[in-house]
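Below is one structure, written out as structure tokens; the observations come after it.
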Amino acid sequence: MSSPSPRTLLERLGLRPRKSLGQHFLTQPRVAQRLVAALELTPEDVVLEVGPGLGALTRPLAEKAGRLVALELDARLADFLRQEFQASPQVLILCQDVLSCDFPALAREAGRPLKVVGNLPYQITSPLLFKLAREQEALERAVLMMQQEVARRLTAAPGGKDYGILSVLLQYHFALESLFSLGPANFYPPPQVQSTVVRLRPRPFQPAAVDAELLRRLVRLAFAQRRKTLANSLAAGAGELGLSPARVPELLQAAGIEPHRRAETVKVAEFVALANQVAACRKAKGA
Ligand code: SAM
């Protein structure tokens, strides 16, 4: 039996989609199946679903996952889903902001890393991606539907305007694959943009950054003023890195980066080399 369309379901529940929560519900069950297939679920897997909405992904996930925790910020939808899944003890619906969820704690409690999935609400895409990068050790993989423009930025190579903080930090923490793209007609209400599904698999980047938080701060600083040279951007914010501005040129040189280059030309491995030079310099200063 096919389930009712999101529009029909919302009408039955007397609800309207909330723009402020990025509510664009999937209308095609086969698209939901493709997203779920990309997770390659086994019965042992513990899945965290971001924003289950009316349950388009939740239903196929519940059939395959060992355990499913779905976080929905809209209390009206969380109530609806609790009723829908009351006979499924492996499914836990929580009315909670995913950005406040402690993924490492959840993974520890589950005894294994999580598989994260979601058709993301647009307004939290970037903060959620940065959170996934910070909490990488809690993840087995993530399969996420996002705006095509953000997917381009994630996977961009150095040298263009799409390459930025998201590209460097997410590529450092994950191997990324753009799986497929979808037009607005696959959602209700239709969004104004194209969407892309991206798969993220955690990877140990080699050589690693000795201090991942320092790498994050360095990359943010480097891109804060994209038009400036790296030497100028870093000198302007050297205090934030615990450095004196005078040390910036020699650290760039030690990392093999010409000081006149702009951040958008610097490869991930070069940022890591520079962060490690900064870390060594701070350590020597503190010693
Ligand atoms: N998964 C459903 C689907 O594919 O049809 C709904 C996707 S809709 C694009 C995004 C969902 O995320 C909405 O149900 C929205 O209420 C929920 N949401 C928005 N912000 C959230 C947040 N910070 N934490 C958890 N859920 C959120």
**Anisotropy class of region 59-152 from Cα gyration tensor, a/c 1.5 cut** = oblate
**Request:** Enumerate the residues in region 229-246 having an amide nitrogen under 15 Å from the point lying 7 Å beyond the Cα of ALA284 toward its Cβ.
**Result:** 243-246
**Asked** Of the heavy-atom accessible surface of region 212-286 (probe 1.4 angstrom), what whole percent is carbon and sulfur?
**Response** 53 percent
**Item:** For region 212-286: rounded, prolate or oblate by the Cα gyration tensor [a/c cutoff 1.5]
**Value:** rounded
**Complete:** Taking a straight Cα-to-Cα line shorter than 18 Å from LYS267, and setting aside same-chain lysines fewer than 8 residues away, one finds LYS161, LYS228
**Fill in**
Counting all Cα-Cα pairs in the chain, those more than 31 Å apart amount in percent to 35 percent
**Request:** Once you have the Cα-Cα distance between ARG261 and ALA75, take 0.36 nm times their residue separation minus that, and quote the gain in nm to one decimal.
**Result:** 62.1 nm
**Message:** Please compute the contact order of region 71-207 in relative form: average sequence separation of alpha-carbon pairs under 8 Å and at least six residues apart, divided by the residue count, as a percent.
**Reply:** 21 percent
**the chain: angle of helix 125-134 to the longest principal axis, Cα-based, in degrees nearest 10** = 60 degrees
**Prompt:** Taking the C-alpha atoms of region 158-287, how large are the radius of gyration and the largest Cα-Cα span, Dmax, in Å?
**Reply:** 17.4, 60
**Item:** Accessible area expressed per residue, the chain, with surrounding protein chains retained (probe 1.4 Å, Å²)
**Value:** 47 Å²
**Asked** Which percent of the accessible heavy-atom area of region 6-202 goes to carbon and sulfur, probe 1.4 angstrom?
**Response** 49 percent
**Request:** Using a 1.4 Å probe and counting only protein heavy atoms, arrange ARG16, ARG261 so the residue with the most accessible area comes first.
**Result:** ARG16, ARG261
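The values are calculated or read from the model by the stated rules, or taken from the named source; none is laboratory data. Since we're looking at a predicted model, the values are computed, not measured. Heads up, the Cβs are rebuilt from the backbone with ideal geometry, glycines too, and the neighbour counts pull from every protein chain shown. Calculation scope for accessible area: heavy atoms of the full protein, side chains included, ligands and nucleic acids excluded. Shrake-Rupley method; radii C 1.70, N 1.55, O 1.52, S 1.80 Å.
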